[in-house]
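Read the structure below first, then the notes.
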Amino acid sequence: MKVCLIHPPQPNSLDDRLDIPLGQLYLATVLNRAGHEARVVDLSSMPAQKWPELIGYADIYGFTIYTPSYYICKQILKLAKQNNPRAISVAGGAHPSALPEETLKDFDYVVIGEGELALRDLVSNLAKGKTAESRIIRYPLIANLDKLPYPDIGLIDIHSYDRKVDGQPSLSFITSRGCPNTCAFCCNFMFGKKIRFRHLDNVIDELSLIKSKYGVRNFIFYDDTMTLDKNRVREMSKRFKQLDIRFRANGTVRMNDPEVYEDLYAAGCRNIAFGVETGSQELLRKMKKHITVEQIKKAIKNAKAAGLIVKVFLIVGFPGETYQTIQETADLMLECRPHQYTLFN
């Protein structure tokens with residue numbers, strides 16, 4: 001079957017052409033391996049008048065949806081239906097996973113959470129004329145990520161994206177899925193609370209392939225946190241040195257030993273991001289972050305000392321926020337002096 005996987009524009013993003021649509025590339029690669037004809041259409045930064053032509057004809061249109069882009073996806077679906085009125089629509093991503101019944105008001109099927117195998121089987125059954133037992137589909141998490149094929153980044157124009165790491169164009173990459181944290185504001189049910197690691201041999205093989213085939217040596221690793229396992233960071237450092245790559249990673253301030261950041265730097269890491277959120281210990285408690293302000297200070301200090309450029313994510317307006325807690329956050333930033341920050345409200 002012809003499947004069009006659509007990455008919608010992100011209206012609240014300062015640059016919605018920043019990163020490649022890695023999730024859709026995984027989905028499309030698995031579908032193509034199963035004998036279907038899947039393509040990825042990234043509508044980010046594309047003029048609306050070009051959408052119908054870019055979407056084209058397909059038997060199935062799949063959407064990865066976040067809450068801010070839900071209304072845009074509904075508009076895009078109308079255009080897709082003009083290309084093929086009999087087409088089937090499938091919604092996945094954070095918003096449909098959180099509100100599947102509501103999403104079914106506008107889409108034919110909803111895939112909750114991890115989608116590669118669920119979407120593959122849905123498309124294969126529809127190709128045989130079979131209907132799914134339920135319009136809401138949820139599969140168990142994939143236990144062994146090494147069994148997934150490497151995402152085919154040749155399905156898109158990788159040179160049309162703006163993300164830079166260490167001053168050079170970069171690609172998105174993952175070495176694990178899942179996050180054990182319980183942050184009150186997060187949808188970590190998507191990939192589960194247990195971290196599933198790819199074997200480092202598998203990771204290095206894919207990175208080497210990308211480097212040799214596309215000439216890319218800079219990456220942004222989108223693992224929820226790469227620093228939870230100190231031993232893995234140490235082994236990664238030893239293995240990555242020979243690759244001669246540069247990358248950005250996400251860390252946790254709970255792991256703040258100097259040697260962790262020294263190992264990351266040796267592995268090729270040049271940027272690290274921390275989910276700090278606030279400088280108020282009381283708000284950290286309400287957010288269920290299970291970290292302390294002192295851990296934040298230590299992690300930023302040691303990461304900077306190792307030579308890493310430190311970025312922090314902050315939240316303003318979480319329930320319970322006051323002028324005093326905002327001032328506590330400002331005071332913490334003035335004391336720690338991270339190189340970069342992103343503020344959410």
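The values are calculated or read from the model by the stated rules, or taken from the named source; none is laboratory data. Note that the structure is predicted; figures quoted are calculated from it, not measured. Quick reminder, even Gly has a Cβ in these numbers, built from the backbone with ideal geometry, and neighbours come from all protein chains shown. Ligands, DNA and RNA are excluded from the accessible area calculation, which covers all protein heavy atoms including side chains. Shrake-Rupley method; radii C 1.70, N 1.55, O 1.52, S 1.80 Å.
Can you find, within the range 129-161, the residue that is farthest from the chain's Cα centre (by Cα) among those that are among the charged types (D, E, K, R) and modelled with pLDDT under 95?
K130
Here are the criteria: (1) open to solvent by less than 50 Å² (accessible area, probe 1.4 Å); (2) more than 25 Å from S237 (Cα to Cα); (3) of a type in the set (S, T, Y); (4) out of contact with any Gly (no Cβ under 7 Å at 6 or more places or on another chain). Tell me which single one Y341 does not satisfy.
(1)
Given the criterion within 21 Å of K241 (Cβ to Cβ) and under 14 Å from the mean Cα position of the chain (by Cα), identify the matching residue among L207, L171, L200. So that I can check it myself, show each step before the final result.
Values: L207 fails: under 14 Å from the mean Cα position of the chain (by Cα); L200 fails: under 14 Å from the mean Cα position of the chain (by Cα).
Being within 21 Å of K241 (Cβ to Cβ) and under 14 Å from the mean Cα position of the chain (by Cα) holds for just one of L207, L171, L200, which is L171.
Between a residue in the range 6-30 that is within 26 Å of G167 (Cβ to Cβ) and any residue that is surrounded by fewer than 19 Cβ atoms within 10 Å (Cβ to Cβ) and aromatic (F, W, Y), which pairs come within a Cβ distance under 9 Å, given they are 6 or more apart or on different chains?
Taking only residues 6 or more apart or on different chains, the pairs are Q10/Y66; D19/Y222; L22/Y222.
From the list Y61, Y109, Y66, Y71, exactly one residue is within 16 Å of the chain's Cα centre (by Cα) and either open to solvent by 10 Å² or more (accessible area, probe 1.4 Å) or farther than 23 Å from I142 by Cβ (or both). Which is it?
Residue meeting the stated conditions: Y66.
Pairs, please: C-beta under 6 Å, at least 6 apart or cross-chain, first residue at positive phi and in the range 242-269, second open to solvent by 10 Å² or more (accessible area, probe 1.4 Å) and not aliphatic (A, V, I, L, M)?
G268/R246
List every residue pair whose Cβ atoms sit under 8 Å apart, with the two residues 6 or more apart in sequence or on different chains, where the first one lies in the range 144-163 and is in contact (Cβ under 8 Å) with a residue 12 or more places away in the chain and open to solvent by 30 Å² or more (accessible area, probe 1.4 Å) and the second, anywhere, is part of a helix (DSSP H, G or I) and of a type in the set (S, T, Y).
Short answer, once both residue conditions are applied: Y150/T29; D152/T29; L155/T29.
If we keep just the residues of the range 130-180 that are out of contact with any strand residue (DSSP E or B) (no Cβ under 6 Å at 6 or more places or on another chain) and of a type in the set (F, W, Y), which is farthest from E114 (Cα to Cα)?
This residue is Y161.
Determine if the range 201-217 includes at least one residue that is within 30 Å of L284 (Cβ to Cβ), free of Cβ contacts under 8 Å to residues at least 60 places away in the same chain and open to solvent by less than 50 Å² (accessible area, probe 1.4 Å). Break it down stepwise before answering.
Within the range 201-217, the subset within 30 Å of L284 (Cβ to Cβ) is none.
No, that holds for no residue.
Within 29 Å of S13 (Cα to Cα) and of a type in the set (K, R), is that true of K128?
Numbers: within 29 Å of S13 (Cα to Cα): no; of a type in the set (K, R): yes.
Criteria not met by K128.
One line per residue, one yes/no per condition, for (1) under 27 Å from N345 (Cβ atoms); (2) of a type in the set (F, W, Y); (3) in a loop (DSSP other than H, G, I, E, B):
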{"position": "Q242", "(1), (2), (3)": "no, no, yes"}
{"position": "N250", "(1), (2), (3)": "yes, no, no"}
{"position": "R254", "(1), (2), (3)": "yes, no, yes"}
{"position": "A273", "(1), (2), (3)": "yes, no, no"}
{"position": "R285", "(1), (2), (3)": "yes, no, no"}
{"position": "I296", "(1), (2), (3)": "yes, no, no"}
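When the residues of the range 112-131 are narrowed to those that are in a loop (DSSP other than H, G, I, E, B) and more than 24 Å from G192 (Cα to Cα), which ends up least open to solvent (accessible area, probe 1.4 Å)? Walk me through how you get there before you give the answer.
Within the range 112-131, the first condition is being in a loop (DSSP other than H, G, I, E, B), and the residues that meet it are 113-115, 128-131.
Retained after the next criterion (residues that are more than 24 Å from G192 (Cα to Cα)): 128-131.
Details: K128: 144, G129: 65, K130: 109, T131: 112 Å².
This residue is G129.
Quick check on this structure: which one of I300, I315 is in contact with a Pro (Cβ under 6 Å, 6 or more places away or on another chain), touching a residue at least 24 places away in the same chain (Cβ under 8 Å) and hydrophobic (A, V, I, L, M, F, W, C)? Walk me through how you get there before you give the answer.
Numbers: I315 fails: in contact with a Pro (Cβ under 6 Å, 6 or more places away or on another chain).
The match here is I300.
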